[in-house]
1. With the requirement that a residue be under 31 Å from the mean Cα position of the chain (by Cα), assigned to a strand (DSSP E or B) and over 21 Å from PRO299 (Cβ atoms), what does segment 209-266 give you?
2. Pick out the one residue from PRO52, PRO15 that is within 26 Å of the chain's Cα centre (by Cα), farther than 26 Å from LEU199 by Cβ and surrounded by fewer than 18 Cβ atoms within 10 Å (Cβ to Cβ).
3. For residues that are part of a loop (DSSP other than H, G, I, E, B) and either out of contact with any helix residue (DSSP H, G or I) (no Cβ under 9 Å at 6 or more places or on another chain) or under 30 Å from SER412 (Cα atoms) (or both), tally how many sit in segment 109-144.
4. Inside segment 230-254, can you point out the residues that are in contact with an Asp or Glu (Cβ under 8 Å, 6 or more places away or on another chain) and modelled with pLDDT of 90 or more?
5. Could you tell me which of the residues ASN379, ASN396 is surrounded by fewer than 17 Cβ atoms within 10 Å (Cβ to Cβ) and either without any contact (Cβ under 8 Å) to a residue 12 or more places away in the chain or closer than 20 Å to VAL41 by Cα (or both)?
6. Please specify each residue of segment 274-286 satisfying the condition of being surrounded by 14 or more Cβ atoms within 10 Å (Cβ to Cβ), out of contact with any Gly (no Cβ under 6 Å at 6 or more places or on another chain) and either within 18 Å of ASN396 (Cβ to Cβ) or of a type in the set (Lys, Arg) (or both).
7. Can you work out which of the residues in segment 1-58 that are of a type in the set (Val, Ile, Thr) and at pLDDT 95 or above is farthest from ASN202 (Cα to Cα)?
8. Among the residues of segment 71-92, which ones are among the β-branched types (Val, Ile, Thr) and either part of a strand (DSSP E or B) or under 14 Å from LEU352 (Cβ atoms) (or both)?
Amino acid sequence: MTDPMKWANALSTLPSLEAAIQDVVDNATQQLNAPADLAIVFISSAYASEFPRLMPLLRNYLDVATIVGGSGGGVIGQASTRDAAQEVEGEAALSLTLAHLPGVKVEAFHLDSELLPDPDASPDAWVDLVGVSPAEQPQFILLSEPFAPGINDLLQGLDFAYPGSVKVGGLASTGSITGQCGLFCNYEFYDEGIVGLALSGNIVIDAIVAQGCRPIGCPYRVVQGERNIVLELEADEMAGVCEVGKTPLETLQMLIRDLSEDDQMLAQNSLFIGIAQNEFKEKLGQGDFLIRNLIGVDPKVGAIAIGDRVRPGQRVQFHLRDAQTSIDDMESLFTQYQDQDHQGSSPIGALLFACLGRGEGLYGQPNVDSRLFHRYLVNTPLSGFFCNGEVGPVGNTTFLHGYTSVFGICRSPDPSR
């Protein structure tokens, strides 16, 4: 009989770091009941002053060759196998995942974000950096310092060098007065750069990217744009009749004028723009857009500034975000995931990279994202942390997101395992 993959997670909220480490190691080891090939650790910023102690202490209690992890303003994990995952925000928490991965090659790496290849470099430069052949079809988990220089170049480079490979992850967050973040790789502590994990062989990572927005109005097409400035919009011929003003700002004002009173109120603080990722899809809907911030407007020329580059020909649509929309978005994505053909294999475990702007601050109650996850993927261990930015694909391209929850769901590609 083939040795099955196993995945276990343990969460501790003990205020003593050493006691919390003993707690999660004992709990996760007992659950796994098999040799661990990988450890993933997430630590609350409440322990910020003790980040340098985490790896030496774990080495004393844990016998796993490969370990990666990061710090967050909140930590996600399960206190026991009987409990759904908890999202512990702003308090001491430590989450440890152990995985038994027969048939999987596990490679961890640390990258200096100041020494990344030139964005125009060949794929070979990125392969040499990571040290994993594209022929192995690796799946990536990436954890970075907040606002790391070159993070977008890294995502673009990895997409270039490893097309078809899923990349998920997040930017470490602090949520503390010290501002110190923690990144961990193979028992070393880093406060800068990027740590990553390449998994190849008998494993698949399925990504669910919940941006939590709903489109309003209808799509438009960019006629003129410069860098991140939208200078002219026209009606999208695929969308049918659509009212367009003389300038992008006038178009937006006309759109807001026709919204319901509740949506007009929401648009004052939660208005975004979506960039369509499939230029040929006739009918665009929720999930077809990369969501970006509206940064500002220029009333003199009627231009709109957004949080990404724009180019003529792109289709865009304005979006709103609120708690119920975020819930509806996740339910729709989880339903779609359940309906997909996963070749008879079930998830063994999952990671959640959630924005600091979600959680209790968005929903008014804790554990909403994790509770929804367990409603659809029952008995699947879940761990993760609250990020300063989330990494995940939209279409075939990997992006750095905001206000998003990215789920990386691990399973075997072979039903016999």
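The values are calculated or read from the model by the stated rules, or taken from the named source; none is laboratory data. What you are looking at is a predicted structure, and each value in this text was computed from that prediction instead of being measured. For neighbour counting, all protein chains shown are included, and Cβ atoms are generated from backbone atoms with ideal geometry for every residue, glycine included.
1. Listed by number, the residues that qualify are VAL209, ALA210, CYS213, ARG214, PRO215, ARG221.
2. Values: PRO15 fails: within 26 Å of the chain's Cα centre (by Cα).
None of the other options fit; the residue is PRO52.
3. 7
4. Matches in segment 230-254: THR247, PRO248, LEU249, THR251, MET254.
5. Values: ASN396 fails: either without any contact (Cβ under 8 Å) to a residue 12 or more places away in the chain or closer than 20 Å to VAL41 by Cα (or both).
Only one candidate passes the filter, namely ASN379.
6. Just the residues of segment 274-286 that are surrounded by 14 or more Cβ atoms within 10 Å (Cβ to Cβ), to begin with: 274-277, 284, 286.
Narrowing the set further to residues that are out of contact with any Gly (no Cβ under 6 Å at 6 or more places or on another chain) leaves 274-276, 284, 286.
Within segment 274-286, GLY274, ILE275, ALA276, LEU284 qualify.
7. Going residue by residue through segment 1-58, those that are of a type in the set (Val, Ile, Thr) are 2, 13, 21, 24-25, 29, 40-41, 43.
From what's left, at pLDDT 95 or above: 13, 21, 24-25, 29, 40-41, 43.
Details: THR13: 33, ILE21: 30, VAL24: 27, VAL25: 25, THR29: 22, ILE40: 18, VAL41: 22, ILE43: 28 Å.
Among those that are of a type in the set (Val, Ile, Thr) and at pLDDT 95 or above, it is THR13.
8. VAL75, ILE76, VAL88
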